[in-house]
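Quick note: the coordinates plus some simple rules give every number you see, no bench work behind them. The shown structure was predicted, so the numbers you read here are calculated from the model rather than taken from an experiment.
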Amino acid sequence: MTPKRPFFSLLVFCILCVAAALPARAGSPGSAAPDFTLPDISGKKISLSEGKGKVVLLNFWATWCGPCRAEMPSLVNLYRELREKGLVVLAVSVDTTVKPVQVFAAEKSLPFPVLLDTDKEVYFDKYAVFGLPTSFLIDRKGMIVEKIMGETVWDSPSMKEKILTLLHRR
């Protein structure tokens, strides 16, 4: 037996109305970036809110992730080029131990804070990330502008243009 058309249409309409009324899911573009505090590789606590008023590139990665390792040199280049203009990069490692992260950061001379989310609380619970690398562009007001999944060439002309546009917004 097939459902009557008016009932089915009304049901679909109600579901869409409820979905539209729900707040944006944490970690999704258009929502406020959930704040967090994590230790860096030397034990110093750093909060996302310290970057308020700046453009933040929040990058989730791991030392065992090939694409994460591959994109890191372009992320370093981007940061070095745009940090004076107000770009903040926070690289959040989801490795379960600190030592490989410290070794990698030293070998690659990472110039930005490298944070540790060994329990994956920020990764899973606050940002609903399920794959690496995943990055978030956060504007000066603390709003997520874009979620970027997969390996990215951060110092490409198109990515620089996108970030420069955010940096020039007030």
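Over 18 Å apart at the Cα level, from the set Lys54/Lys99; Lys45/Lys141; Lys85/Lys160; Lys85/Lys147, are Lys54/Lys99; Lys45/Lys141; Lys85/Lys147. The value of relative contact order for segment 44-144, using C-alpha pairs under 8 Å at least six residues apart, is 42 percent.
Distance distribution P(r), segment 17-170, all Cα-Cα pairs, bin width 10 angstrom from 0: 11, 43, 36, 8, 1, 0 percent.
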